[in-house]
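Asks: Below is a structure I'd like to ask you about.
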Protein chains: 2
Amino acid sequence: MSRVTATYEIESPVGVARAAEVLAGEQSTGTFVRLAAETDALRERSAARIEALEIAGVSDRPALPCRLKGERFERGTVTISWPVGTFGTSLQTLMATVAGNLFELAELSACRLTGLTLPEEFARAHPGPHFGAAGTRAKMGGHEGPLIGTIVKPSVGLSPEETGALAASLAEAGIDFIKDDELQSDGPDCPLTERVAAVMAVLNRHADRTGKRIVYAFNISGEVDEMRRRLDLLSAHGATCAMVCLNAVGLSGLRDVRNHSPHLIHGHRAGWGLFSRSPHIGVAFPVMQKFWRLAGADHLHVNGLASKFTEPDASVAASALAVQASVAEGGPAHPAMPVFSSGQTIWQVGPTRALLGNDDLIFCAGGGILSHPGGAGAGVRALRQAAEAARDGVTLEDAAARHPELAAAMKAFPPVAFG
Amino acid sequence: MSRVTATYEIESPVGVARAAEVLAGEQSTGTFVRLAAETDALRERSAARIEALEIAGVSDRPALPCRLKGERFERGTVTISWPVGTFGTSLQTLMATVAGNLFELAELSACRLTGLTLPEEFARAHPGPHFGAAGTRAKMGGHEGPLIGTIVKPSVGLSPEETGALAASLAEAGIDFIKDDELQSDGPDCPLTERVAAVMAVLNRHADRTGKRIVYAFNISGEVDEMRRRLDLLSAHGATCAMVCLNAVGLSGLRDVRNHSPHLIHGHRAGWGLFSRSPHIGVAFPVMQKFWRLAGADHLHVNGLASKFTEPDASVAASALAVQASVAEGGPAHPAMPVFSSGQTIWQVGPTRALLGNDDLIFCAGGGILSHPGGAGAGVRALRQAAEAARDGVTLEDAAARHPELAAAMKAFPPVAFG
């Protein structure tokens, strides 16, 4: 039978080998008292199995507070596998299995889920992203290069009409993609119905005039029935993209949107720091994004290189590459588009392109567009010039010699520190 | 306008006061470049406000890896408030606001959300638990005292027929409550349809014979449409309780179950360690359970005192009390029933009862029932004897003098260490 494999970096007061047994037991057939019903045949069929185990070192104190006391906390990596007979291809039960109670075990003084390998059945059982990069370009009426995007700012406080006016000036500036802030969904001060109407009136006129259909990701996050109604609202106004806050609506909410949405699904990972910030507890993004892609997200946020957030660039890079890689060991690859944002300017465009080796990405900038000395239009053009230079293997300096907007951006925005 | 208030324990390389400003800005009107559109009127209407700030100390190294370098990492508590104009009473947008991007800020080297105060509107806008403790007792045909419960073990690997046979022996033993393991939902090896049929045939017969309707929490966690169908399946078989893995289905999934369920909703928090295990990043359970209760959970897991997990007893106690306390500052209180489990025996019954001061709880034991030398029936009776002793202010020793099952349990199960 096919098996799912997960890798954990752990630390334990009882040693890595014993901790791996406890983890495998807790997350499959075991209990703290061996029961009569736990027969050998049942274990053979249903138990999790320790596939690999590597000791990395030892510490004299626990990384996390731990009920079990000890003088020696061994660190290492363990790989555990499960037969799919218990959970089939259910994402929810898979989640409860590979990222469930185990994080609370007293035998673990640290535990990060760092890898997840899924058999082909998962890629076949789930719809995956409906559109991905190619579908996103098609929704725009055709588009080359990365999407240059921005986020409505101030994040909250604008009325629907003010949001529409902002969209108009961004459209004028040549933007490809605009998104609501994750803090703005359907509150009394900026109701979604009015916001969609105001924004789409502007963007539809722009499309009629230019042939270019700018993608606006409306934050529809809410209850299931609300989100279904909001998807219809988007359809009624010719919108093309629904944004959902993944951690706030959850896997079942995301998948329900996928089932009912004719639109691009823009996945926002607000709250992701809870899963990623500590080196001692959490889930790596390359693991979590598999759930979100299988459930249907077309776009997934990965922070940006040299961002205002604390995530190191190596982690951002691994996340972005994971989003474009195959989701399982066979079956449809289900790639999604990585979305880069947070403190992004022309300086991050080249390294971002170099990282992926393709243009199937969304590059969001706020101040990096609006604070351009030549205005927002020059800001967008400078980013596009930087992207074309990266695609063509031309240095920023050489490109700037031909493009005054890019040259101005290089003067206006201080170089960033990668790392 | 009403405001929501959240309290964070933070550490920062830029000082607590400056970090509080960044946090309030990031989570409301701010951006890293002050924009023209961010007018004073807009800020007055929509900005988050720092309500209180307390410095607790300073460290010479960051608690969590942090992009911003520093030599002085100040720790403290900050209280921030938001006007409800932006999010109204949306749980999803509230979540993205109080537990969103802020966890990733480079200005924070630690951040835990420890408190949340909601205005009355939230308690009025959301349905809350449909049944709570009183409704749970009513579903059973009337029941006094805490519910003595257990979890199907082995967690996975039993067939539907074997699960039915186990339910029969537990019913015979006098159990009040049985739950599926969170790892077992509707996998190919134990399909829910067959499991519900096998278990309810047993429990319905038991109810016909004894008048007592044992609560079995079937794990229905899955996609939205699947969960709706599973609720109907439960209805068709006379089941009374649906279990959902809260972190796996998410807030929108939970609320959808509440909207369509005539059954008790048993909220399982598998994966909770991600939110709670680190002292430096996370969300306190008394905060998170407000979301889950507003979305409709009747029962909420809180671990147990002196459990096999690593959570300290003081934290378990705070969680359990929170579940029974008012959810907001006015409006319906929406109390839920705390569920205690994990390594529980007769030794934890009294302290658990003393903690709450009432019997509106579910006390789950596995080995604590099945490993009783007199068998499962004696195991259940011993727990009930301990609960009655606690209610009546009688010591375990005095009660054991009259109750041989309790006396045997006190000999069989080693006393546990609280703390």
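Asks: In straight Cα distance, which lysines are under 18 Å from residue B:139, not counting same-chain residues fewer than 8 positions off?
Replies: Qualifying lysines at Cα under 18 Å: B:179, B:212.
Asks: What number, in nm² with one decimal, is the all-direction average of the projected area of the convex hull of the alpha-carbon atoms of chain B?
Replies: Working: hull surface 88.5 nm².
Projected over every direction and averaged, the Cα hull of chain B covers 22.1 nm².
Asks: P(r) of region A:334-382 in 10 Å steps, Cα pairs, percent per bin?
Replies: Bin by bin from 0 Å, the calculated values are 25, 51, 21, 2, 0.
Asks: Run the helix sum for the protein assembly as shown: -39,500 (n - 2.57) per DSSP H stretch of 4+ residues, divided by residue count, reported at 222 nm to the nearest 500 deg cm²/dmol.
Replies: Result for the protein assembly as shown, helices only: -12500 deg cm²/dmol.
Asks: Expressed in whole Å with the largest first, what are the equivalent ellipsoid semi-axes of region B:3-117 derived from the C-alpha gyration tensor as the square root of 5 times each eigenvalue?
Replies: Gyration-tensor ellipsoid for region B:3-117: 24, 16, 12 Å.
Asks: Roughly how many whole Å is it from the C-alpha centroid of region A:264-319 to that of region A:107-177?
Replies: Going from one Cα centre to the other spans 13 Å.
Asks: Helix B:285-294 versus the longest principal axis of chain B: what is the Cα-based angle in degrees, 0 to 90, to the nearest 10?
Replies: Taking Cα atoms only, the helix is inclined about 70 degrees.
Asks: What residue among B:180, B:40, B:189 has the largest mean-square fluctuation in a Gaussian network model of chain B, using Cα springs under 10 Å?
Replies: Looking only at B:180, B:40, B:189, the largest GNM fluctuation is found for B:40.
Asks: Given Cβ point charges of +1 (Lys, Arg) and -1 (Asp, Glu) and nothing else, what value in debye, to the nearest 20, does the dipole of chain A about its Cα centre take?
Replies: Using Cβ point charges on Lys, Arg, Asp and Glu, chain A gives about 240 debye.
Asks: Using the Cα atoms of region B:306-359, I'd like the radius of gyration and the largest Cα-Cα distance, Dmax, both in angstrom.
Replies: When restricted to Cα atoms, region B:306-359 yields Rg and Dmax of 12.4, 37 Å.
Asks: Here is a follow-up. Summing Lys, Arg as +1 and Asp, Glu as -1, what charge do residues with Cβ under 15 Å from the Cβ of residue A:399 carry, residue A:399 excluded?
Replies: +1
Asks: Next question, about the same structure. Of chain A, which part is the longest with no GluC sites (Glu not before Pro) in a loop (DSSP not H, G, I, E, B) and with at most 12 other C-beta atoms within 10 angstrom?
Replies: A:145-419
Asks: Next question. If you count only protein heavy atoms with a 1.4 Å probe, what accessible area per residue comes out for the protein assembly as shown, rounded to a whole Å²? Walk me through the numbers on the way to the answer.
Replies: Values: 27180 Å² over 838 residues.
Ligands and nucleic acids excluded, the result is 32 Å² per residue.
Asks: Cut-off 10 angstrom, C-alpha nodes, Gaussian network model of chain A. Which of A:363, A:73, A:291 fluctuates the most?
Replies: Result for chain A, Cα springs under 10 Å: A:73 fluctuates most.
Asks: Tell me the total accessible area that A and B bury against each other, 1.4 angstrom probe, in square angstrom rounded to 100.
Replies: That pair hides around 7800 Å² of surface in total.
Asks: Roughly speaking, to the nearest percent, how much of region B:62-132's 1.4 Å accessible area is carbon and sulfur?
Replies: For region B:62-132, the apolar C and S fraction of the accessible surface comes to 50 percent.
Asks: Check each residue of region A:157-181 and keep those whose accessible area, probe 1.4 Å, is at least 10 Å² smaller with all protein chains in place than in the chain alone; give them in order of residue number.
Replies: A:157, A:158
Asks: For the protein assembly as shown, what proportion of DSSP beta bridges, expressed in % and rounded to the nearest 5, is antiparallel?
Replies: On the way: 54 of 110 bridges.
Of the beta bridges lying entirely in the protein assembly as shown, close to 50 percent run antiparallel.
Asks: Using only alpha carbon pairs under 8 Å that are at least six residues apart, calculate the relative contact order of chain A and give it in whole percent.
Replies: It rounds to 15 percent for chain A.
Asks: Moving on. Can you bin every Cα-Cα distance in the protein assembly as shown into 20 Å intervals starting at zero and give me the percent of pairs per bin, rounded to whole numbers?
Replies: 16, 49, 29, 6, 0
Asks: Leaving out same-chain residues fewer than 8 places away, which lysines sit with a Cα under 20 Å from that of residue A:69?
Replies: Cross-link targets: B:308.
Asks: What residues qualify as long-range amide H neighbours of residue B:4, i.e. H under 5 Å apart, gap of 5 or more or another chain, H built at 1.01 Å from N?
Replies: Residues meeting the amide H criterion: B:82, B:84.
Asks: Related question: Give the percent of DSSP beta bridges with both residues in chain A that are antiparallel, rounded to the nearest 5.
Replies: Of all bridge pairs located within chain A, approximately 50 percent are antiparallel.
Asks: So which aspartates and glutamates pass the test for residue A:290, namely a Cα distance under 20 Å, with those fewer than 8 places away in the same chain ruled out?
Replies: A:9, A:120, A:121, A:256, A:298, A:311, A:329, A:360, B:223
The values are calculated or read from the model by the stated rules, or taken from the named source; none is laboratory data. Everything quoted here is computed from the prediction, not taken from an experiment. All Cβ positions, even for glycine, are placed from backbone atoms using ideal geometry, and neighbour counts span all protein chains on display. Each accessible area value is taken on the protein alone, full model and side chains, heavy atoms only, with ligands, DNA and RNA left out. Shrake-Rupley method; radii C 1.70, N 1.55, O 1.52, S 1.80 Å.
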